[in-house]
Ligand SMILES: [Cu+2]
């Protein structure tokens, strides 16, 4: 009996812990607010957009459900029509315009911050080249400029120093691909014949999945890579001993 009670108690506290973890993940919108410097500019926009969508969704649902429940047809009479009601028409044109304008303002503000490239030379430079169907990472930090080339079977690893800004130069060998690290809330297209630039700092030590997010052909889904964030000293060690594959 006592054992059963203990088991129930253990299961109970486990589910409470699980619910707490779930609700904190829900409260943060499924993303960390500070996993990278990009998260620090994007996370509040992400949460704000969900709150806006929630408010608009609830008001829209009420406007739909109110007449369904409270204005059901009681007789054969045609209901009062309200077309050409100028104040109503102005309201439902102006209100969505204001919502879109506010979202656009904060999006443009965050985007300007995220895509800003410092004038001074970067501390670390990494070239990312997308190829059908994998990735090439070239580290300018080492004199030999080692290039790691992945294949769909051998997922390449992109090693980054924790807390230090890295400047990325993004290119593509063939078609348009998308360099995407979901955990860092960042994506930028890689275009053939064009160099795109991106700068950010990874703040947390760990391994994070990366993928291509532009449908680029047959093996698009196999264009995976792994981001490994290590301490600056481990990064130096890696750069000096990187095994070129
Ligand atoms: Cu691709």
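The values are calculated or read from the model by the stated rules, or taken from the named source; none is laboratory data. Only a predicted model underlies this, so the values are computations on that prediction, with no experimental measurement involved. Cβ: placed from backbone, ideal geometry, glycine included. Neighbour counts: every protein chain shown.
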Those residues of region 162-178 which are part of a strand (DSSP E or B) and either under 24 Å from residue 120 (Cα atoms) or not assigned by TED's automatic domain parsing to the domain that holds residue 129 (or both) amount to 162, 165, 166, 167, 168, 169, 170, 171
Take the conditions surrounded by 14 or more Cβ atoms within 10 Å (Cβ to Cβ) and within 16 Å of the ligand (Cβ to nearest atom) and apply them to residue 182. Does it pass? yes
I need a count of the residues in region 188-215 that are more than 16 Å from the ligand (Cβ to nearest atom) and closer than 15 Å to residue 136 by Cβ. 1
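Pick out the one residue from 113, 109 that is in contact (Cβ under 8 Å) with a residue 60 or more places away in the chain and either over 25 Å from the mean Cα position of the chain (by Cα) or part of a helix (DSSP H, G or I) (or both).
Unique residue meeting the criteria: 113.
So if I check each of 32, 41, 36, which one is at pLDDT 95 or above and buried (at least 16 other Cβ atoms within 10 Å of the Cβ)?
Of 32, 41, 36, the one residue that is at pLDDT 95 or above and buried (at least 16 other Cβ atoms within 10 Å of the Cβ) is 36.
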Looking at 129, 125, can you tell me which residue is more than 21 Å from the chain's Cα centre (by Cα) and in contact (Cβ under 8 Å) with a residue 24 or more places away in the chain? 125
Residue hits (region 208-231; surrounded by fewer than 14 Cβ atoms within 10 Å (Cβ to Cβ) and either over 16 Å from the mean Cα position of the chain (by Cα) or touching a residue at least 60 places away in the same chain (Cβ under 8 Å) (or both)) are 215, 217, 218, 219, 221, 231
Residue match in region 219-236 (condition: within 15 Å of the ligand (Cβ to nearest atom), part of a loop (DSSP other than H, G, I, E, B) and over 27 Å from residue 43 (Cβ atoms)): yes
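The rows are residues; the columns are (1) within 16 Å of the ligand (Cβ to nearest atom); (2) in contact with a strand residue (DSSP E or B) (Cβ under 8 Å, 6 or more places away or on another chain); (3) at pLDDT below 95.
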{"site": "101", "(1), (2), (3)": "no, no, no"}
{"site": "105", "(1), (2), (3)": "no, no, no"}
{"site": "122", "(1), (2), (3)": "no, yes, yes"}
{"site": "147", "(1), (2), (3)": "no, yes, yes"}
{"site": "158", "(1), (2), (3)": "yes, yes, no"}
{"site": "171", "(1), (2), (3)": "yes, yes, no"}
Please specify each residue of region 232-242 satisfying the condition of being touching a residue at least 24 places away in the same chain (Cβ under 8 Å), closer than 19 Å to residue 149 by Cα and exposed (fewer than 15 other Cβ atoms within 10 Å of the Cβ). 240
Based on what the data block shows, is residue 96 surrounded by 11 or more Cβ atoms within 10 Å (Cβ to Cβ), away from the ligand (no atom under 16 Å from the Cβ) and not in a helix (DSSP H, G or I)? no
Does residue 51 satisfy the condition of being modelled with pLDDT under 85, under 30 Å from residue 182 (Cα atoms) and over 14 Å from the mean Cα position of the chain (by Cα)? no
When region 143-161 is examined, which residues are found to be within 17 Å of residue 202 (Cβ to Cβ) and either free of Cβ contacts under 8 Å to residues at least 40 places away in the same chain or part of a loop (DSSP other than H, G, I, E, B) (or both)? 156
